[in-house]
1. Read through the list (1) surrounded by fewer than 15 Cβ atoms within 10 Å (Cβ to Cβ); (2) in contact (Cβ under 8 Å) with a residue 40 or more places away in the chain; (3) within 16 Å of residue A:125 (Cα to Cα), then give the number of the only condition that residue A:220 fails.
2. Among the numbered criteria (1) in contact with a helix residue (DSSP H, G or I) (Cβ under 9 Å, 6 or more places away or on another chain); (2) without any contact (Cβ under 8 Å) to a residue 24 or more places away in the chain; (3) within 28 Å of residue B:18 (Cβ to Cβ), which one does residue B:293 miss?
3. Within the range B:110-127, can one find any residue that is in contact (Cβ under 8 Å) with a residue 60 or more places away in the chain, more than 8 Å from every other protein chain (Cβ to nearest Cβ) and over 21 Å from residue A:265 (Cα atoms)?
4. Kindly provide the set of residues from the range A:27-57 that are surrounded by 13 or more Cβ atoms within 10 Å (Cβ to Cβ), over 19 Å from residue A:348 (Cβ atoms) and at pLDDT 80 or above, ordered by number.
5. Out of B:295, B:309, B:282, report the one residue that is farther than 24 Å from residue B:8 by Cα and in a loop (DSSP other than H, G, I, E, B).
6. Can you tell me how many residues within the range A:190-207 are in contact (Cβ under 8 Å) with a residue 12 or more places away in the chain and on the phi < 0 side of the Ramachandran plot?
7. I want to confirm something. Restricting to the range B:77-97 and keeping residues that are touching a residue at least 60 places away in the same chain (Cβ under 8 Å) and within 7 Å of chain A (Cβ to nearest Cβ), which single residue is nearest to residue A:247 (Cα to Cα)?
């Protein structure tokens, strides 16, 4: 028990230091921000304390932080480039096992698996962020409109949502991902800035310009099947929230519906949506890996976790590392997001959080009492 | 008598629920004169709030305004509020006709501070250039509604204020745009008695200062006696009696009004038990035929079951909907 508390104390101090740093950064840009937002800072600290009370949540946050870090800096710290094929220089690198030439072994082009995984972290992160950015706002807006206006509009939107939900999302995504690339490649080729931006996002070289359309197709395909879940939960929360008196008073002072939805209803229901987004990040990563495992999406030489596994299947029993390592990475990434999402559910729900906070305060008080007693004893 | 600022004619609102059509209010008509306090009285569920909300089309689905006209007569114009498109009714809401709702605990958005919410209502009607600008004005508004220490309170969130303070803020939001009509929907129900008195005094004070017409919705006869100039008594979605306040209290004509007043404790008379009206409020899905009060009425006659009574003038400015008077 005391051991537990000791570790939590360390975690609390780490999170405090982190928030302190963040606040310091903001207050250097905006003078007086710290003084104005004292209660907000205290609330952040309490949120982290609440998160620190749940070990799985801390593990989740840790994993997610690592994967986001790898997603951003992975391609830069990778020892080799993803499009460097050692097999042309040294044929022994062909499927070389871990430790022989490279730490985690090599694939059938002799490429370093570690570098591929690091590059793949970027691909996976960018795809999941873009899918969430496209799918979630669409779902939220449709859900808000359906829930707020009700009646026929609600029926129409929700029945369309039901239609999308009734369709197996993976199959729909496969269909889209198979059909879209031709059209998208035209779009990408006609807008060079878009192509350049995407290349920069995925940390790819210019020569991969032609393969972008397939990546983009996968993202769009997933975004298309991703919104219905959000439309549903947003509508549900909106239905309860629009009955609230403050929504009625907002209407009574003459606010237009759009402003009521975005300024008053959305902020009040964002908590559960955020939890859902966090949980969904893992699902997006998994679905994306699944799609590229099926041969859609990333094409060699673009590194992608699902694709590495797909290429590895043909050499499986011998070159086991090509399947085990990427599979394990995907597993850890998805696990991280899910653990974090579960913990966030507790942290973002003010009622649940209060109960955790009170425990925090009690522990602190009893600590100070112990200290006092000790001091008295010393005297 | 001064001019009519609001005329409500044959207002009918139905709610289309799974259980059936709830006829919340049926053929409600009344006039409100400029500068007076008009009280709508009745028990829970008789349609007072629905009437008030229907005036500016605030009825939400599944409810619908089936028919009726609401004329709003500001300086020489005559607007039918129920026919105005969404854009125009929005400029009326808050600006010309403002509301104060029942429960101050929930009528403020918990996520914004008080200053923002007052400022927002100014901003919507273009009284300030930005929400930030409006905060300064909000301080002044909160000072007029006697919120203590308004400079500090503007940055407080609703949960940091007491019920009475929140109601002051909602009144502040109500008067922020200098409305012609203030509709107070049971402004004191959620408050304790001393705070009730303060809030009622504040509404009176605002009325004196800004000359605003007040429509007061309440079930509290004490509040009515204290505040109102004229009273409309509602029962099961219909108005049964309209008269000056003294007239209603001294010579109630409709049996329902009489029963209602007998149910109010009188400190000057010593009685063993308060009288009650027998029976319960009828279901509004299948309201009683004829006069809606007839199943509970002590003076029922045959015509009551068959014909719907119309509002008739029994004395000057005293209207009653009853066959037997």
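1. Unmet condition: (1).
2. (2)
3. Of all residues in the range B:110-127, those in contact (Cβ under 8 Å) with a residue 60 or more places away in the chain come to none.
No, there is no match, as no residue in the range B:110-127 is in contact (Cβ under 8 Å) with a residue 60 or more places away in the chain, more than 8 Å from every other protein chain (Cβ to nearest Cβ) and over 21 Å from residue A:265 (Cα atoms).
4. A:27
5. On the way: B:295 fails: in a loop (DSSP other than H, G, I, E, B); B:309 fails: farther than 24 Å from residue B:8 by Cα.
On inspection, the qualifying residue turns out to be B:282.
6. Keep residues of the range A:190-207 that are in contact (Cβ under 8 Å) with a residue 12 or more places away in the chain, which gives A:195, A:198-199, A:201-205, A:207.
Filter once more, keeping what is on the phi < 0 side of the Ramachandran plot: A:195, A:198-199, A:201-202, A:204-205, A:207.
Residues meeting the conditions: 8.
7. Looking at the filtered set, the residue picked out is B:94.
Yes/no matrix, rows are residues, columns are (1) at pLDDT below 90; (2) assigned to a loop (DSSP other than H, G, I, E, B); (3) buried (at least 24 other Cβ atoms within 10 Å of the Cβ); (4) more than 10 Å from chain A (Cβ to nearest Cβ):
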{"site": "B:129", "(1), (2), (3), (4)": "yes, yes, no, yes"}
{"site": "B:133", "(1), (2), (3), (4)": "yes, no, no, yes"}
{"site": "B:136", "(1), (2), (3), (4)": "yes, no, no, yes"}
{"site": "B:146", "(1), (2), (3), (4)": "yes, yes, no, yes"}
{"site": "B:168", "(1), (2), (3), (4)": "yes, no, yes, yes"}
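The values are calculated or read from the model by the stated rules, or taken from the named source; none is laboratory data. Computed from a prediction, not measured in an experiment: that's the story for all the values here. For neighbour counting, all protein chains shown are included, and Cβ atoms are generated from backbone atoms with ideal geometry for every residue, glycine included.
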